[in-house]
Structure formats: structure tokens, C-alpha cells
Amino acid sequence: ISLKKAFQDKFYIGTTMNLEQIHGTDQKSIDIIKKQFSSIVAENCMKSMYLQPQEGKFFFDDADKFVEFGEKNEMFIIGHTLIWHSQVPDWFFVDKNGKNVSPEVLKQRMKNHITTIVSRYKGRVKGWDVVNEAIMEDGSYRKSKFYEILGEEFIPLAFKYAQEADPEAELYYNDYNEWYPEKVKTVTQIVQNLKSKGIRIDGVGMQAHVGMDSPSINEYEEAIVAYSESGVKVNITELDISALPSPWGTSANIADKVEYDEKMNPYKKGLPADVQSKWENRYLDFFQLFLKHKKDIRRVTLWGLTDSQSWKNDFPIKGRTDYPLLFDRQYKAKPIFEKIIKLSTEI
Ligand code: G3I
């Protein structure tokens, strides 16, 4: 049985689409995506630098194809992402002289960006990552340009604009390391703040780019429960489990640059059996947790299809050989694939 069939009464099960997949030049991937997944998200082409590279000049060709593919295959289509400090074009924040724009101008630009995109796909894209990665692990706001110019207000504004453009679409706040207790605290406050203002938020997205050891399943569970108790659904939005040693250990202090080191790329020819089995158990532990909380969870999306396509091979160090996903470099389902399906029938 397929993955989507196995989880159909539980939650949506999703994957990303890159440009080769969207343009139909990677048929092997497309066959797997159609057969196995009930939800899709574009890995890059709906980010602001691609959708609005110059002010007022929108580029929708790739995004249109992506949405058409999802509709044709009756998938739950996710839009990623409207407001993010990264992969955002420089013009967004500056005037003709290169100076920061006023709060009023930035609001207008945000509104125009969000309204144009969300209304184009109204009723077709079913859920939006409205704001991505605005909070740090210590619970403080990221000092992005959005924050610098508008303060905390940029978050409610973004949700308000999105809600106005498509009142039916689900709206999410999405972030990584969203299990850090201080981060959970701020994000649940954001949820409550939006709700008290009468602005809709339907879910938080926990990206779930996790490693072999951190976070613990308990830490993760506490966060899922806290978000659910704050009155929103939980989406596991970017799941991948790196099998490689983390250059950061268990610390969240993500350095800007980590240099390549052979020790950080130990499994070029495949995972040794003990590492493989530890990695499989890690996947099973997470899926067991998601199934236990299936009432709280709306969707689990894998961030990529095959290991060769994963961003993890190039982050935080370029040129590594990682094994974070369910399909191998030959597009073959790994043994974990059937184990996850089996688990779904047991819980
Ligand atoms: O398209 C160009 C190509 O023309 C050029 O030849 C090539 C050379 O490097 O770069 C290509 O662009 C790359 C793009 O992915 C498409 O492949 C960018 O350099 C690269 O930076 C970009 O990486 C993406 C990353 O976001 C950017 O921040 C990853 O694919 C994508 O998986 C990743 O996804 C993010 C989520 O959106 C948010 N959460 C974290 C997650 C992982 O970083």
C-alpha cells in the first residue's frame, strides 16, 4: 500500500517539489510523488525572490505549473512562503537611495506581495506558510529587516493581509528548532496575540530538520502539546533526519560558515549497519510520536524526495553525502519506508 493510503485517516503526508519535478523533466520523481504523497510544497519557487524579483514584476510560471500539478493530482497544496527574511529580494526594504523604507512603505509592499500571490491561488493553495523563521531559539525576535522597520507588528499584519486575500486558506507560522522551550513560549504568545486580535492562524509549522540525537522525543512532544493547547494544529513541515555528525553538536548556535572537514563527511559509500539502524529507529520514534498525536497533527511533509536531492548534502558544509530521506539515490524506497507504513497500521 502507498504512504498516502496508509496515512489517509491520520494526516496529510507531503513532499517538496524542485524545478526539475515541476517542469516534468524528472519523471522518476514524479511517479513516486503521484503515487505516495497527498500534499506538496514548492521547495523554492514560491519564495519572494522568485515570485517578485523586482517591485511589481511578478514571475508566476513555475508556481503556476506547481499548482496545476497539485490540482490535477488532487493534492493538498501548500504555499511556501510569504514573509521570510531569507531569499527575499533586496528592493523590498530600501528606497531609491538605498535607505530603509518607512514602516508605511514596507506595509504597502508586504500587502501588495501577499495579496497578489494569495489571491492568484485563492481556493487552490490550501495552506500558506505566512511567516517563516521570525523567532530565535532564546525566544527573542530575529533582527530581520521586517522586524527592524515594523517591529513585532509585521507578523499580525502578514496574517491579516493573507486572511483578507483568501479567507478559506489555512494560515501557518513556520519555524525550525521550534521545540526550544523559549521559542515555544514566544510562538504560542504570537498565536494568542493573533487570536485576541481576531486574526486567524490555523497552525504552526514545525520544520523538523533534526539530527540523530537532538532534540529528544520528549522535548519534541512537549512542544507539540504546547502548540496544540494554544489552539492551533501542528504541521510537521520539513522533516528530514540527517545521518551525519552535526558540526554544531547539540548547540543551536548556527555559525554562518562551517568549513569542510573530512571527519564531517564519514559515509561517502553508504551508512554502516549500526548507523543505519540508529537512523531508522530515529525515524520510527518520530513517526510514532506523530501518530500518537494524530489528532493534533494536520500534515507531515518530508523536505525532499531522494537523498541526492536533499539540501542537507550542502548544509552547513557543501559537498557532504547525507542520507536524510525515505528514498535512496537510485529512487528506491529504503527499508524504513515499509516500516513506517507498518507502524501506521499499528497506532
Ligand atoms: O537556482 C540556482 C541555480 O541557477 C544555480 O546554478 C545554483 C548554484 O548554487 O543555485 C541555485 O539556487 C539554489 C536554490 O536552492 C535552488 O536549488 C540556491 O543557491 C540555494 O541557496 C537554495 O537553497 C534552498 C534554501 O532553502 C535556501 O535558503 C534549498 O534548496 C531549500 O531546500 C531550502 O529550504 C529551506 C526552507 O525554505 C525554509 N526552512 C529551511 C529549509 C532548508 O534551508
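Quick notes on this structure:
- Between 0 and 90°, nearest 10: helix 27-36 axis offset from the chain longest Cα axis: 90 degrees
- With θ taken as phi - 60° and the Karplus curve 6.51 cos²θ - 1.76 cosθ + 1.60 applied, the whole-hertz 3J(HN,Hα) list for the range 318-325 is 6, x, 8, 10, 10, 9, x, 10 Hz, x standing for glycine and proline.
- In Hz, Karplus ³J(HN,Hα) per residue of the range 263-269 (6.51, -1.76, 1.60; θ = phi - 60°; x = Gly, Pro): 4, 8, 9, x, 10, 4, 9
- Here the dipole of the chain is about 640 debye; that uses its Cα centre as origin and unit charges on the Cβ of Lys and Arg (positive) and Asp and Glu (negative).
- FRET efficiency, 1/(1 + (r/R0)^6) with R0 45 Å, evaluated for LYS268 and ASP90 via beta carbons: 0.75
- Spin-label pair SER277-ASP64: with each label point 7 Å from Cα along the Cα-Cβ axis, the two points sit 5.4 nm from one another.
- Per-residue ³J(HN,Hα) for the range 57-68, Karplus 6.51 cos²θ - 1.76 cosθ + 1.60, θ = phi - 60°, Hz, x for Gly and Pro: 9, 8, 10, 10, 4, 5, 5, 4, 4, 4, 5, 4
- Label-point gap, in nm, between THR345 and SER214 - each point 7 angstrom along Cα→Cβ: 3.9 nm
- Amide H to amide H distances under 5 Å link ASP166 with no residue, where only residues 5 or more positions off or on other chains count and H is placed in the peptide plane.
- Dipole-positive endmost among THR16, TYR227, SER48 within the range 3-346 (Cβ charges, Cα centre): THR16
- Remark: the range 38-134 carries a charge dipole of roughly 320 debye about the Cα centre, counting +1 on each Lys and Arg Cβ and -1 on each Asp and Glu Cβ.
- Nearest 10 degrees, 0 to 90: helix 273-292 Cα axis against the chain principal axis: 50 degrees
- Relative to the dominant Cα principal axis of the chain, helix 335-346 is inclined by about 80°.
- Modelled label positions at LEU289 and GLU148, each set 7 Å beyond Cα in the direction of Cβ, lie 3.5 nm from each other.
- Of all aspartates and glutamates in the structure, the ones whose alpha carbon falls short of 17 Å from that of LYS292, not counting any fewer than 8 places away in one chain, are ASP9, GLU219, GLU221, GLU222, GLU229, GLU346.
- Neighbour counts of C-beta atoms inside 10 Å place MET110, MET46 in the sequence MET110, MET46, starting with the fewest.
- Cβ-based exposure ranking for THR15, THR25, THR81, in which fewest neighbours within 10 Å come first: THR25, THR81, THR15
- Here the average projected area of the convex hull drawn through the C-alpha atoms of the chain stands at 16.9 nm².
- Relative contact order of the chain, pairs being alpha-carbon contacts under 8 Å that are 6 or more residues apart, as %: 16 percent
- Applying 0.36 nm per residue to the separation of GLN189 and HIS23 and subtracting their alpha-carbon distance, the gain on full extension is 55.7 nm.
- Net lengthening on full extension, TYR260/GLU104 (0.36 nm per residue, minus Cα-Cα): 51.8 nm
- Checked against a 22 Å cut-off, the cross-linked pairs LYS185/LYS278; LYS10/LYS332; LYS5/LYS34; LYS111/LYS312 give Cα-Cα distances beyond that limit for LYS185/LYS278; LYS10/LYS332; LYS111/LYS312.
- Pairs of Cα atoms nearer than 8 Å and 6+ residues apart set the relative contact order; for the range 85-223 it is 26 percent.
- Most fluctuating residue given options LEU284, LEU325, LEU171, as computed from a GNM of the chain linking Cα atoms under 10 Å: LEU284
- Relative contact order, whole percent, for the range 249-342 stands at 30, derived from Cα pairs under 8 Å and 6 or more residues apart.
- Considering only ASN193, ASN313, ASN235, the mean-square fluctuation computed in a Gaussian network model of the chain, springs between alpha carbons under 10 angstrom, is largest for ASN193.
Taken together, the values in this text are just the output of simple stated rules run on the coordinates, not laboratory data. Because the structure is predicted, anything quoted here is derived from the model rather than measured. We place every Cβ from the backbone using ideal geometry, glycine too, and count neighbours over all the protein chains shown.
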